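Working notes, beginning with the structure itself.
The values are calculated or read from the model by the stated rules, or taken from the named source; none is laboratory data. The model shown is predicted, which means the values in this text are computed figures rather than measured ones. All Cβ positions, glycine included, derive from the backbone under ideal geometry; neighbour counts span all protein chains shown. In case anyone asks, the SASA skips ligands and DNA or RNA and just uses the protein heavy atoms, side chains included. Shrake-Rupley method; radii C 1.70, N 1.55, O 1.52, S 1.80 Å.
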Amino acid sequence: MTRVLVVEDDTQTAAEIAAALGDHGFDVECAACGQDALDRAVVDRYAAIVLDRMLPGGVDGLTVLSSLRGLGVDAPVLILSALSAVDERVRGLRAGGDDYLTKPFESLELTARIEVLLRRRAVPDRETMLRVGDLEVDLLKREVRRSGRAIDLLPREYRLLEYLLRHPGQVITRTMLFEEVWSYRYDQRTNVIDVHMGKLRRKLDDGGLPSMIQTVRGSGYILRAAD
Amino acid sequence: MRLTDLPSTTSFRLSVLFLALFGVSSFLFFGFLFWQTTTYLNNYIDERLERDSRIYTLRDVPEVVQRMRTHAQRDPNNWRPFGIFDASGRYIAGNLTTLPQRPVRFGENFEFRLRWGGHAAPFRGIAYRLETGDILFFSENVDAVHAFQDLLLKAMAWGGILVLAIGLAGAVITGLGAVRQIIGITGAIERIVTGDLAKRLPTQSGAGDLDRLVHVVNGMLDDIERLMREVKGVTDDIAHDLRTPLTRLLGGLERARRRTTSTEEYAIAVDEAIAETKAVLGTFSALLRIAEVEDGARRAGFTTIDLGRISADVVEFHAPVAEESGVSLSFDTDAPGLTQMSGDPSLMFEAISNLVDNAIKFSPAGGCVGVRTFFYQDRIGVAVSDNGPGIPYHEREAVLRRFHRLEKSRHTPGSGLGLSLVAAVAKLHGLTLMFDSAYPGSCVTLEREPAEQSSTSATSSISPEGVEQEVHAISSGA
């Protein structure tokens with residue numbers, strides 16, 4: 001089982017995170033202070049670490065993070081914080097964080113991001129050809145084909161598809177798409193991304209092919225090989 | 001505060017203090033005047049006595065006696081009693097038969113009282129001892145001088161009493177005025193404290209210090225009342241707007257418990273409940289977000305942003321939605337690369353996105369929405385125009401309030417928080433938010449004067465790559 005360390009001083013939040021990750025098949029351990037987190041993360045090898053930005057006891061989240069990186073622990077770290085200001089986020093990522101999530105968040109958002117962080121390590125980025133089922137994308141020529149038929153996509157649709165193809169079979173939330181593809185960060189509450197995805201889906205499924213993009217109830221999408 | 005507190009009022013104390021100062025200075029002035037006048041009159045009399053008597057001392061005794069007898073006949077009223085006495089003080093000649101009772105110092109003026117002509121009167125006199133041992137004595141009635149002194153003293157006393165009375169009355173009147181105003185202010189404050197926020201502190205007609213202070217406090221009370229009304233309005237709106245989804249949520253859950261039989265039906269009911277709860281949470285998040293933006297804390301994350309680039313992104317983002325609603329959405333700029341300013345890219349995107357979203361939502365099918373960035377007369381900005389129903393003139397202030405929704409938009413989805421956020425973002429970025437009519441439709445403009453952008457910085461910031469790198473650096477973590 002994949003082991004995840006959750007560093008969170010608030011026991012209730014920690015329990016909720018543990019439950020959400022547990023439901024997705026993770027083996028979760030909790031640490032309530034920075035020193036404890038450091039001790040555990042150095043000794044055990046965790047697949048990922050969820051780290052609260054504010055911690056009691058003098059050792060705060062960013063200190064834990066930079067210490068871990070200094071000690072050669074390279075597990076992906078997702079920073080949780082109540083601070084949403086842009087420079088807070090930049091500071092967190094500079095200290096060695098891999099992703100940053102502002103409280104309050106939905107459990108689906110957290111688990112989807114952890115999955116992506118774990119998988120990012122598994123799949124190298126140097127591929128020039130991405131394939132899922134009968135869908136293939138030539139990253140160099142920027143050509144998309146499904147069952148051999150070329151599909152003409154707008155630049156933004158291409159970037160959406162590329163991101164989904166890099167994380168096949170994983171839940172990708174709307175917020176993640178918005179951040180990755182549009183490069184802006186805020187909680188998109190309109191249905192605009194759904195409309196974009198609808199257009200992309202129609203182009204991919206043109207000709208009566210079974211749908212490859214599935215909507216996850218709540219707030220996300222999964223790209224899978226059509227059955 | 002009661003009238004017995006009068007002596008403790010500042011104005012009363014000040015009045016009394018000035019009264020005392022005026023009294024003391026007047027007393028000193030009058031004293032000096034009295035002293036000078038008296039000295040002058042006495043000196044005048046003394047000099048005359050000395051001058052007149054000096055002639056007698058130079059003559060023989062028989063001649064003096066002879067002259068005195070002649071003089072005595074010329075002064076029947078005895079204004080100037082004089083006489084010559086032998087060494088033992090016995091009368092020789094003159095109209096004074098006895099030497100005054102007090103011991104006589106020779107060659108020096110002195111004052112004494114003498115019963116003369118039936119009543120005691122004040123006199124000044126001088127005595128000389130002749131070589132023969134006889135005593136020459138001259139004096140003059142100084143009744144008139146004393147009368148004059150009495151008059152001065154009386155005038156001083158009466159004047160003093162009058163000044164004291166008028167001054168005290170003035171002090172009481174000003175003190176009472178202050179007491180009355182302070183009683184009024186205290187009463188007003190007590191009523192404000194108990195919740196009557198419309199109450200204002202009373203002002204006097206004058207423009208005194210207290211009145212100026214009262215005006216400032218009243219201005220502050222106006223602001224507080226307005227803020228309280230706004231807070232109350234927002235609270236009412238929150239309660240009202242959240243009651244509807246919560247009621248729906250409750251109704252759905254109760255219906256599920258009553259009617260649902262299968263697991264699938266339960267799952268549907270739970271999903272519906274989750275969706276409603278998410279909507280409520282979303283409203284709260286939007287409120288907190290507006291509060292966060294209004295706090296100004298986000299300014300710490302400002303970078304150089306390009307309004308034109310962000311607007312183009314917004315238009316591209318909303319294009320499929322506009323297409324679906326049959327609205328043409330276009331972006332246009334007359335100043336490519338010149339619309340740079342300091343800001344938070346995500347917030348700016350969200351604000352412009354809200355405006356575009358509204359414009360698309362309220363445009364009829366076949367309508368058009370235009371986004372235009374501009375740079376003219378040292379002003380940069382972005383304008384979103386549509387040919388929808390527009391915002392009525394009298395509603396333009398109100399649409400910026402949280403939860404405010406125009407009557408005709410009640411049936412469309414939305415929280416009524418969009419424009420509040422736009423206003424908050426605009427304020428954070430120092431932008432002015434303006435509504436214009438576009439006949440038909442409306443035009444919403446966000447604009448600002450560039451902050452001392454010199455020609456060199458303008459040319460160096462034209463290249464959009466820098467901005468792109470900034471944006472990517474910020475969001476490269478996902």
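Hey, among B:Gly381, B:Gly308, which residue is away from every other protein chain (no Cβ under 11 Å), small (Gly, Ala, Ser) and surrounded by fewer than 24 Cβ atoms within 10 Å (Cβ to Cβ)?
The match here is B:Gly381.
So, in the range B:288-305, of the ones that are more than 9 Å from chain A (Cβ to nearest Cβ) and not in a helix (DSSP H, G or I), which residue ends up most open to solvent (accessible area, probe 1.4 Å)?
If we take residues in the range B:288-305 being more than 9 Å from chain A (Cβ to nearest Cβ) and not in a helix (DSSP H, G or I), then B:Thr304 is most open to solvent (accessible area, probe 1.4 Å).
Pull out all pairs, ordered by first then second residue, where Cβ-Cβ is under 8 Å, the residues are six or more apart or on different chains, the first lies in the range A:90-104 and is more than 10 Å from chain B (Cβ to nearest Cβ), and the second is surrounded by fewer than 18 Cβ atoms within 10 Å (Cβ to Cβ) and at pLDDT 85 or above.
From residues that are more than 10 Å from chain B (Cβ to nearest Cβ), the pairs are A:Ala95/A:Ser66; A:Ala95/A:Arg69; A:Gly96/A:Ser66; A:Gly96/A:Arg69; A:Lys103/A:Thr13.
Could you list, in sequence order, the residues of the range A:137-167 that are touching a Gly at 6+ places or on another chain (Cβ under 9 Å) and at negative phi?
A:Arg146, A:Arg149
Within the range A:185-227, count every residue that is of a type in the set (Ser, Thr, Tyr) and within 14 Å of chain B (Cβ to nearest Cβ). If you could, list the steps in order and put the result at the bottom.
Applying the first criterion (of a type in the set (Ser, Thr, Tyr)) to the range A:185-227 yields A:186, A:190, A:211, A:215, A:219, A:221.
From what is left, the residues that are within 14 Å of chain B (Cβ to nearest Cβ) are A:186, A:190, A:215, A:219.
Of the residues in that region, 4 qualify.
So for the range B:320-340 (the condition being touching a residue at least 24 places away in the same chain (Cβ under 8 Å) and assigned to a helix (DSSP H, G or I)), does at least one residue qualify?
Among the residues of the range B:320-340, at least one is touching a residue at least 24 places away in the same chain (Cβ under 8 Å) and assigned to a helix (DSSP H, G or I), which makes the answer yes.
For every residue, the table says whether it meets (1) more than 25 Å from B:Tyr40 (Cα to Cα); (2) open to solvent by less than 30 Å² (accessible area, probe 1.4 Å); (3) not in a loop (DSSP other than H, G, I, E, B).
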residue	(1), (2), (3)
B:Gly89	yes, yes, no
B:Phe112	no, yes, yes
B:Ala121	no, yes, yes
B:Ala144	no, no, yes
B:Leu152	no, no, yes
B:Ala155	no, no, yes
B:Gly160	no, no, yes
B:Val163	yes, no, yes
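Of all residues in the range B:251-275, which are touching a Gly at 6+ places or on another chain (Cβ under 8 Å), of a type outside the set (Gly, Ala, Ser) and open to solvent by less than 100 Å² (accessible area, probe 1.4 Å)?
Within the range B:251-275, B:Ile274 is the sole residue that qualifies.
In this structure, is B:Ser285 crowded, with 22+ Cβ neighbours inside 10 Å, of a type in the set (Gly, Ala, Ser), within 12 Å of chain A (Cβ to nearest Cβ) and out of contact with any strand residue (DSSP E or B) (no Cβ under 7 Å at 6 or more places or on another chain)? Explain how you work it out, then say what you get.
On the way: crowded, with 22+ Cβ neighbours inside 10 Å: no; of a type in the set (Gly, Ala, Ser): yes; within 12 Å of chain A (Cβ to nearest Cβ): yes; out of contact with any strand residue (DSSP E or B) (no Cβ under 7 Å at 6 or more places or on another chain): yes.
It is false that B:Ser285 is crowded, with 22+ Cβ neighbours inside 10 Å, of a type in the set (Gly, Ala, Ser), within 12 Å of chain A (Cβ to nearest Cβ) and out of contact with any strand residue (DSSP E or B) (no Cβ under 7 Å at 6 or more places or on another chain).
Do we find that A:Met176 is modelled with pLDDT of 90 or more, under 25 Å from B:Ala322 (Cα atoms) and either open to solvent by 30 Å² or more (accessible area, probe 1.4 Å) or more than 9 Å from every other protein chain (Cβ to nearest Cβ) (or both) in this structure?
So A:Met176 does not fit the description; no.
If you scan the range B:339-378, which residues turn out to be aliphatic (A, V, I, L, M), more than 11 Å from every other protein chain (Cβ to nearest Cβ) and under 21 Å from B:Leu431 (Cα atoms)?
Passing the criteria: B:Met341, B:Leu355, B:Ala359, B:Val371.
Which count do you get for residues in the range A:185-203 that are modelled with pLDDT of 90 or more and open to solvent by less than 30 Å² (accessible area, probe 1.4 Å)?
Residues flagged as modelled with pLDDT of 90 or more and open to solvent by less than 30 Å² (accessible area, probe 1.4 Å) within the range A:185-203 amount to 7.
Given the residues A:Gly148, A:Gly169, which is the only one that is more than 14 Å from chain B (Cβ to nearest Cβ), at pLDDT below 90 and over 24 Å from the mean Cα position of the chain (by Cα)?
A:Gly148
Can you find, within the range A:9-60, the residue that is farthest from A:Val116 (Cα to Cα) among those that are outside any helix (DSSP H, G or I) and open to solvent by less than 10 Å² (accessible area, probe 1.4 Å)?
Within the range A:9-60, the match that is farthest from A:Val116 (Cα to Cα) is A:Ala31.
Checking A:Ile114 against (1) touching a strand residue (DSSP E or B) at 6+ places or on another chain (Cβ under 9 Å); (2) buried (at least 21 other Cβ atoms within 10 Å of the Cβ); (3) closer than 28 Å to B:His318 by Cα, which test does it fail?
The number of the failed condition is (3).
Which one of the conditions (1) out of contact with any strand residue (DSSP E or B) (no Cβ under 7 Å at 6 or more places or on another chain); (2) open to solvent by less than 50 Å² (accessible area, probe 1.4 Å); (3) not aliphatic (A, V, I, L, M) does B:His318 fail to meet, given that it meets all the rest?
(1)
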